[in-house]
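Every number here is computed from the coordinates shown, using simple stated rules; none is lab data. Being a predicted model, the structure only gives us computed values, none of them experimental. With ideal geometry, Cβ positions are generated from the backbone for all residues, glycine too; neighbour counts draw on all protein chains shown.
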Amino acid sequence: MYSDDRQPSWSEYWTELVELYEYKVRDLLDGKSPRGGKRSLGNLRDLLMTAPLDGQLMRRFRQTDRLWKAHLHTLVQARLQPSPEQWVIEKPPSNTEQDTLEGLRFVVWRERVRELARTQAQLWMREGELITLRCAYALDVNLERGDASMEVPRQHDALVSLGTASVSSELMTHLTDQLCAAFIEPPAHHPGARQQALIRLRGALTALAINPFPRHKDQDVTTARVQAAEREPLGPELKRTLIEGLQIETGGPRPAAERLAIRGGVEQLSAFLESLIPVSEGGEGPELPPIPQVLFAAQPRSAMTDPDDGSSSLTIRLSGGTQTHWRGVPLNWRRSRESWLVTIGALDYRFYARGQGTAPDPETHFVPVVLGEQNGYALLHGDYLYLEAQQNDRGLLELLALSRAVALLLDPSGAYLNLRLARAAAQRFRDGRIDPQGVNVVSAERYSAASPDALLSFARKGAEGLLTRLRQRPPQESEYVFRAAAEAVDAPDGHELHLLKALRRVHEPHKFLDSAQELPSEHDGREAASPPLPGLMVVTDLQHSARIGRTSDLVMLDFSGEPITVEVAGRALTLRLDYKGDLAVILPGAPVTLLRELLVIDVAAGGLLLVRQGSRIVVSYEPHVGME
């Protein structure tokens with residue numbers, strides 16, 4: 001350190017750190033592990049990159065840094081060129097149908113586990129100190145290293161960034177992938193391999209709970225240096241900076257009270273992982289799905305003669321046919337170079353062939369699809385397409401159709417003419433008469449004064465009741481009732497027929513896809529028009545923003561927690577989580593609203609439609625009914 005008869009300078013401080021960096025890089029080039037580990041080397045390099053070094057120190061640092069980069073480049077090239085011995089021992093993958101179906105079974109199970117992991121990550125992000133996610137990070141690193149050297153990160157560790165939704169989701173996905181590897185990787189098929197892998201997992205959890213802050217191998221050296229620095233006659237600011245620099249390698253002390261919170265986090269993490277492990281392996285989770293029967297199978301023992309409409313899943317060997325029907329939905333497919341173009345109903349999906357045999361490709365994932373009135377998932381393993389229908393009370397398309405009816409009623413033009421007309425029709429259906437005072441222009445003042453949530457709830461309840469009566473009554477009676485309602489509210493001639501036609505589209509939501517050309521297009525005036533429109537545009541994997549430019553377009557997506565922007569009718573609509581973790585819809589010029597299940601935002605020419613079930617969201621647009 002420094003003698004007591006002189007004051008130290010900043011140049012001496014930075015000189016020592018440059019020399020420390022040179023020593024660490026020299027150890028690395030000599031094949032030794034640098035003192036403090038490679039992470040401390042990276043931290044020290046980051047500090048020196050922004051340090052105010054003079055010319056001579058900067059040249060020394062850059063010269064050493066070039067040696068470090070050259071060493072890293074050599075390591076990368078060595079990994080890209082495996083030795084001939086590796087080529088000899090590798091065995092070609094098996095391509096029999098049974099092996100491929102076994103791999104398909106594993107990848108379906110892995111995707112279900114991944115979905116659970118992503119959902120759990122979103123729930124744990126609501127913890128104030130992110131304690132369980134920090135425990136998951138340490139466990140993930142320790143499993144990958146094969147030891148217990150990684151400590152639980154500090155709450156605000158900038159190198160971890162667990163407060164970001166995409167980072168926490170990726171962490172939990174990677175951790176559960178390591179769990180799934182015990183069942184999927186080729187070594188897992190050896191006798192006792194699964195049990196040994198699960199023993200290592202449970203042992204790593206126990207070690208993390210007992211010792212969440214493992215002692216660094218250079219802790220004694222760092223402690224001695226810090227104690228010596230505290231005795232130096234330095235100013236408070238300089239002494240603090242010096243100590244922080246010395247503690248870069250090992251980090252500062254951790255409070256003892258943090259251990260109790262970490263043990264609770266490890267218990268939560270352990271309970272979640274046990275809920276994923278099959279019961280047959282000593283866990284509490286469901287068993288792996290059975291090997292499926294296949295439509296157009298290559299081998300008789302795997303063959304299925306016809307699709308089972310009562311089953312929630314279907315597996316198709318795409319190379320064995322070109323079309324079929326399942327659950328009332330037509331399916332067609334054809335090969336397109338290295339991919340398959342699959343048409344489900346009226347929507348096209350492109351699948352790229354990944355994985356073959358028993359080893360699933362890590363990039364294979366579920367793609368959300370629309371199966372008639374239900375939502376579903378699909379994935380491709382080899383040339384085997386797996387489809388799964390989600391069981392729910394109301395499909396996204398049915399909700400979307402209802403939202404279109406609500407948007408029609410929420411049109412504020414004509415003093416909420418559509419809402420008053422619909423209410424008059426409901427009175428005529430129910431009582432056989434219409435109360436003129438309750439549906440006149442003056443009655444619309446309460447709609448203008450109502451809050452957006454109250455008005456949406458009122459319009460949705462009215463739309464659901466009116467649609468129920470339209471299903472129960474013959475078309476002639478409905479037309480007669482709507483004409484009477486139009487007279488009561490003094491609607492323009494023919495307007496009630498436009499509204500009735502628009503409402504009838506929601507009777508059978510799965511047929512709405514086939515009649516998209518009947519939808520009115522965007523218009524500048526108030527006249528209705530219905531030119532043919534192209535088919536629906538569905539986005540299932542948003543990397544950037546998406547655009548809805550036609551009234552027949554819709555965007556379907558899985559919301560992972562990261563903000564997504566969709567351009568609808570020329571306006572940017574953003575979906576993001578608010579500070580409470582609720583899904584907020586942000587539209588310039590409009591108040592922020594929350595998306596629960598169904599939301600309609602009225603704009604000048606129509607309504608922006610959003611419907612949601614879990615993480616599945618559909619965004620679309622419905623123009624206002626034209627008036628002559």
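Brief remarks on what is shown
- Ellipsoid fit via the Cα gyration tensor, the range 400-480: semi-axes of 21, 16, 10 Å, each the root of five times an eigenvalue, largest first.
- For the range 33-47, Karplus couplings with θ = phi - 60° (6.51, -1.76, 1.60), whole Hz, Gly/Pro x: 7, x, 4, x, x, 5, 5, 5, 4, x, 5, 5, 4, 4, 5
- For residue 149, no residue has an amide H sitting under 5 Å from its own, ignoring neighbours fewer than 5 places away on the same chain, with H placed 1.01 Å from N.
- Listed peptides 273-285, 595-607 appear in the order 595-607, 273-285 once ranked by packing, highest mean of other Cβ atoms within 10 Å at the front.
- Sorting 46-59, 372-385 by average packing, meaning the other beta carbons within 10 Å per residue, from highest down gives 372-385, 46-59.
- The H on the amide N of residue 573, modeled in the peptide plane, is under 5 Å from the matching H of 566, 567, 568, each at least 5 residues off or on a different chain.
- Annotation for residue 99 and residue 11: the two label points, set 7 Å from Cα along the Cα-Cβ direction, are 6.9 nm apart.
- The string of couplings for the range 292-306 from the Karplus curve (6.51, -1.76, 1.60, θ = phi - 60°) is x, 7, 10, 7, 6, 5, 7, 10, x, 6, 9, 7, 10, 6, 9 Hz, one whole number per residue in order, with x for Gly and Pro.
- Computed FRET value (nearest 0.05) for residue 263 with residue 27, which takes r as the C-beta separation and R₀ as 35 Å: 0.45
- Karplus-based coupling profile of the range 415-426, in residue order and whole Hz: 6, 6, 4, 5, 5, 5, 5, 5, 5, 5, 5, 5, with θ = phi - 60° in 6.51 cos²θ - 1.76 cosθ + 1.60 and x standing for Gly or Pro.
- Sites residue 301 and residue 196, calculated FRET efficiency, Cβ-Cβ separation with R0 35 Å, nearest 0.05: 0.60
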